[in-house]
Every structure is written in C-alpha cells, then in structure tokens.
Amino acid sequence: MNPVSDVAGSLPLDLSDSQLLAVLTRDVGATVAVFNLQLRLVYCNDEYARWFGTEPSQIIGKTIADLYGEADAVRILPLVERVRAGERLEYQRLLTNPYGAEEWRTICLTPARNAEGAIAGFVTSAIDVHELQVAFNALRAANQRLSSHIDNSPLAVLEMDHELRLLHCSERAVQLMGWEGGASVEGRLLLELLDVTDERLNQALQRLQRGQESQNREENSFVRPDGTEIHAEWFNSALTDATGRVTSIMTLVQDVSARVQIARQQHHRANHDALTGLDNRASFHERLERTLAQERAPGHLLALLFIDLDGFKRINDHQGHQAGDEVLRIVAQRLLRAVREGDTVARLGGDEFLVMLDKDVSPAEPERVGRRILEALNQPMTVQGETLQLGASVGVAMHPPLPGRLEVLMNRADQAMYCAKRAGKGRLFFAAPESG
C-alpha cells in the first residue's frame with residue numbers, strides 16, 4: 001500500500017499500486033502505453049485507447065503492427081531497437097487525432113526494466129504540443145524569412161552584444177568590410193576589426209551602450225584590409241531588456257562611397273578651374289576672405305601676386321585655342337612648382353593668375369617667389385610640336401602696410417601688375433603703401 005496525503009495534508013489516501021497507476025495515467029493528459037519485447041501492448045491508459053476509438057481492454061495484447069499498420073510499424077521499428085538498447089528517445093510528430101484533425105505531439109520512448117533491472121520492454125507516452133509546435137514553426141519560418149531578407153539586403157547587417165562583440169554579420173557585411181570568412185570575426189570587437197579614420201562611430205555606439213540613445217546615425221570612413229577606403233552610413237539601434245539594460249546592438253551599414261565621390265567631384269568642380277585644376281576666382285576669394293578674417297600676430301605678412309602672361313594673345317591668335325589651352329595648363333604646373341608648399345595658386349580667368357602667400361612670409365619672401373615665377377614662365381615650352389616663348393608681368397600687394405581688405409589688395413595687386421607691363425613687361429612691381 002502507498003500512503004499518499006491529500007493537498008491539505010489532513011487525511012492520508014491509501015491507494016493500491018494499480019489504483020495509483022490508474023490515477024497517474026488517467027489524469028496526466030497524455031497517452032501512456034507499455035509494450036513488451038515482443039512488441040505487444042501490455043498496458044495502456046484510457047487516453048491511449050481513445051486514439052484508437054476503443055477501450056484499453058480491447059487492445060491489450062495487440063502488436064505494434066496491429067495497432068499502427070505495417071507501414072508505420074516499419075518506420076517505428078528502428079526507434080524501438082534503439083530503446084531496446086537502453087536509449088531514451090523524444091521527438092515531435094504530426095498525427096491525426098480521433099476527431100480527424102492534425103495535431104502535433106511530443107512522443108517519448110523509454111526503456112521499461114524489470115525487478116532485476118533488465119530491459120523487458122518500453123514505455124511510450126505522448127502529449128499535445130500542437131499550439132507550441134505551431135508557434136515554433138511560425139517563429140522558425142519568420143526567422144528564416146528574416147535571415148533571407150538580411151542576407152539579400154543591399155545593406156550590411158551587423159549584430160553585436162552589449163560589449164560590441166560581433167554575434168552575427170550578413171554576407172554583405174563580410175564583403176563590405178573586406179573580411180575573409182565571416183565566421184572568424186564573430187566574437188571579436190567591431191572597432192578592433194575596423195581601421196576607422198575618426199572617433200565619431202565609436203562615440204555613437206558608446207551612447208547606445210550607456211542607454212543615452214536608443215538609436216542614432218553616423219557617417220564615417222574606414223580602410224579595408226586591401227587598402228580600399230570605404231565611406232559608410234551607419235544606422236544603429238539598441239535592444240534593451242525589461243530592466244532597461246542594453247542586451248544587443250544592431251547596425252545597418254550602407255556604402256555611400258559613390259555618393260561621397262560625386263560630392264567631392266562636384267565640390268572640386270565648383271571650386272577649381274576646369275582647364276588647369278587650380279582654385280577658381282570664387283574659391284580664391286573665399287580663401288582670402290577667411291585668411292583676412294583670422295586674427296594675425298604682429299608682423300605677420302600676407303602677399304598677393306597678380307600674374308598676367310605676356311604674349312599669350314599672340315599664341316592664341318596664331319596657334320589656336322587648343323594650343324592656348326595647353327599653354328595655360330603648362331603655366332599652371334610651373335606656377336605650382338615655383339611657389340612654396342602651402343601657398344595658394346588660382347586662375348582668375350583668361351591668362352590671369354593669382355598667388356597668395358600667407359604662411360611664414362618675411363618681407364623678402366614675395367620678391368623671391370615672384371622672381372622664381374618670372375623665371376619659370378620665361379622658359380620655352382613645346383606645344384603641338386612647336387617651341388613657344390612667353391613671359392609674365394607680376395604685381396605684388398602686401399598687407400600690411402596695405403589694409404587687410406579683399407577689394408583693396410586685389411585692386412592694388414592688379415594695378416601693380418599693369419605698372420610692371422608699362423615698365424617693359426617681364427617685371428615684378430610692388431604696390432606702394434597708401435598715402436596718408
């Protein structure tokens with residue numbers, strides 16, 4: 001006899017072994033059956049018999065083939081052999097219940113041992129897991145769809161833990177970052193894998209880590225292992241648990257290198273002369289205005305050199321505009337070689353050029369640079385198979401003593417250049433200080 005207390009613990013319930021077995025197998029809500037080594041049913045509960053539309057007494061003694069049919073018996077037999085060898089098995093299967101509806105059930109096969117501990121058969125039990133399995137299948141299908149979308153997305157997808165260690169990266173991410181073998185980077189810190197050019201991305205991700213933001217966007221550039229510079233736009237978001245603690249960070253990365261390159265080209269075209277590549281008039285004016293607006297230390301000089309070519313009109317008229325364009329390109333290169341590193345060279349238009357000296361300018365430096373320019377432009381040049389000769393006249397305006405205003409300096413340098421031309425061309429002329 002097995003004394004069992006009721007829930008309140010006040011009265012013992014004395015149940016026989018058979019009564020206790022009936023209570024357990026009747027009320028667990030599962031099908032329970034026991035087969036011997038000859039694969040004959042020796043015990044089952046009412047729920048098991050109900051699946052066959054009968055009572056336990058009507059199916060005791062039947063074989064697996066009798067109950068399930070020859071086809072199912074052949075499928076089940078390999079599983080039974082494993083249980084006979086002492087293995088416990090559990091699996092899910094879609095079955096048709098007694099009411100004709102399909103139902104997912106978890107089936108468990110367990111060795112049944114006799115008093116000596118030898119395997120004398122096996123116990124099979126099954127429980128309804130339909131809703132759970134349907135939800136699981138739906139979740140798995142959703143995950144598969146999501147994984148497919150991630151892998152096929154033109155954006156690179158990176159998932160990191162709260163320490164910014166990679167948990168997953170899409171194939172596009174592997175390609176964009178230049179990582180050979182995506183699996184080898186999982187578990188590593190993102191910022192250790194990227195050769196970034198600034199700290200903005202790191203700062204944006206840290207704000208997510210600290211919970212200061214739930215999402216943010218950043219642009220940065222990084223250099224891939226093959227040396228290619230990539231400009232990227234990062235869309236970052238943080239996932240938090242019920243307590244608000246950040247558990248993971250997801251980022252979508254878009255390659256914007258082409259857009260950046262186009263913007264650079266547009267900026268270059270807007271600020272540079274299309275023929276020579278030098279700064280254009282607008283860009284030079286902006287640089288000069290910015291330089292004049294800066295606070296200048298006492299004795300810090302600025303010089304403008306206004307350059308006009310001598311003999312260019314004759315070349316343009318006799319050799320043609322194509323030759324004239326080539327001459328201007330050669331002049332631009334000679335000017336760049338004649339000035340110092342950091343000096344600004346611009347083409348105003350036609351055959352007029354400007355040079356600005358604004359760094360480490362001694363009183364003698366403008367004349368030294370101007371003489372190098374005259375010498376460089378006085379050298380013969382070969383254009384379209386012909387040797388051509390031209391020169392230049394240079395006017396120089398200095399601040400101080402001249403006022404630090406763009407219009408004043410430009411006009412005085414221009415006037416000084418015309419003074420050089422009137423004096424015989426090929427000369428350097430300084431603008432005189434304004435009279436008091």
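The values are calculated or read from the model by the stated rules, or taken from the named source; none is laboratory data. Everything numeric in this text was worked out from a predicted model, so none of it was measured. All Cβ positions, glycine included, derive from the backbone under ideal geometry; neighbour counts span all protein chains shown. Protein only, heavy atoms only, side chains kept; ligands, DNA and RNA dropped before computing areas. Shrake-Rupley method; radii C 1.70, N 1.55, O 1.52, S 1.80 Å.
With all protein chains in place and ligands, DNA and RNA left out, the 1.4 Å accessible area ranks TRP51, TRP179, TRP234 as TRP51, TRP179, TRP234, largest first.
Mind checking the full-extension length gain between ALA323 and LEU336? Use 0.36 nm per residue of separation minus the Cα-Cα distance, one decimal, nm. The partial results should precede the final answer.
Values: separation 13, 0.36 × 13 = 4.68 nm, distance 2.03 nm.
Length difference between fully extended and current span is 2.6 nm.
Take every Cα pair under 8 Å in the chain that's 6+ residues apart, average their separations, divide by the length, and report that relative contact order as a whole percent.
On the way: 725 pairs, mean separation 34.9, N = 436.
About 8 percent, as a whole number.
In this structure, LEU167 and ARG200 have a Cβ-Cβ separation that, at R0 = 25 Å, corresponds to a calculated FRET efficiency of about 0.60. What the phi angles of the range 327-334 give under the Karplus curve with 6.51, -1.76 and 1.60, with θ = phi - 60°, is a coupling list of 4, 5, 5, 5, 4, 4, 5, 5 Hz, glycine and proline written as x. Express the carbon and sulfur contribution to the solvent-accessible surface of the chain as a percent, rounded to the nearest whole number, probe 1.4 angstrom. Solvent-exposed carbon and sulfur of the chain make up 51 percent of the total. Rg over Rh for the range 329-388 works out to 1.01, both radii taken from alpha-carbon positions and Rh defined as the Kirkwood radius.
The modelled label-to-label distance between GLN215 and TYR68, using points 7 Å beyond Cα along the C-beta direction, is 5.1 nm. Every Cα-Cα pair in the range 220-299 was counted, and those over 15 Å apart are 75% of them.
I need the calculated FRET efficiency for the pair ALA293 and GLU186, taking r as the beta carbon distance and R₀ as 51 Å, to the nearest 0.05. Present the calculation step by step, with values, prior to reporting the outcome.
Working: r = 52 Å, r/R0 = 1.02.
Calculated value: 0.45.
LEU402 sits among other residues whose Cβ lies under 15 Å from its own Cβ, and their net charge, with Lys and Arg +1 and Asp and Glu -1, is -1.
Sequentially through the range 65-73, phi angles give Karplus couplings (6.51, -1.76, 1.60; θ = phi - 60°) of 5, 4, 7, 10, x, 4, 5, 5, 4 Hz, Gly and Pro residues having no value and appearing as x. Each part gets one Cα centre, and for the range 326-397 versus the range 188-208 those centres are 45 Å apart. Compactness ratio for the chain: Cα radius of gyration over 2.2 N^0.38 Å (N = residue count) comes to 2.00.
Computed over the chain, the per-residue total of -39500 (n - 2.57) for DSSP H runs of n ≥ 4 gives a 222 nm mean residue ellipticity of -11500 deg cm²/dmol, rounded to 500.
Can you sort ARG93, ARG269, ARG200 by solvent-accessible area, 1.4 Å probe, largest first? Write down the numbers at each step before the final one.
Numbers: ARG93 60, ARG269 155, ARG200 110 Å².
Ranking ARG93, ARG269, ARG200 by accessible area, largest first, yields ARG269, ARG200, ARG93.
Given 5 Å bins starting at zero, what is the percent of C-alpha pairs of the range 152-191 in each, up to the one with the largest pair distance? The calculated distribution, bin by bin, is 6, 28, 35, 23, 8, 1. Accessible surface computed residue by residue for the range 302-392, with neighbouring protein chains in place and a 1.4 Å probe, gives 45 Å² per residue. Each peptide in 61-70, 345-354, 417-426 was scored by the mean count of other Cβ atoms within 10 Å over its residues; highest first, the order is 345-354, 417-426, 61-70. Once the Cβ-Cβ distance between GLN38 and LEU239 is put in as r, and R0 is 56 Å, what FRET efficiency do you end up with, to the nearest 0.05? So, using R0 = 56 Å, E works out to roughly 0.50.
Exposure check, 1.4 Å probe, all protein chains in place: GLU434 carries approximately 100 Å² of accessible surface.
Can you sort HIS318, HIS399 by solvent-accessible area, 1.4 Å probe, largest first? Mind showing how you got there, number by number?
Values: HIS318 140, HIS399 35 Å².
Final ranking, largest accessible area leading: HIS318, HIS399.
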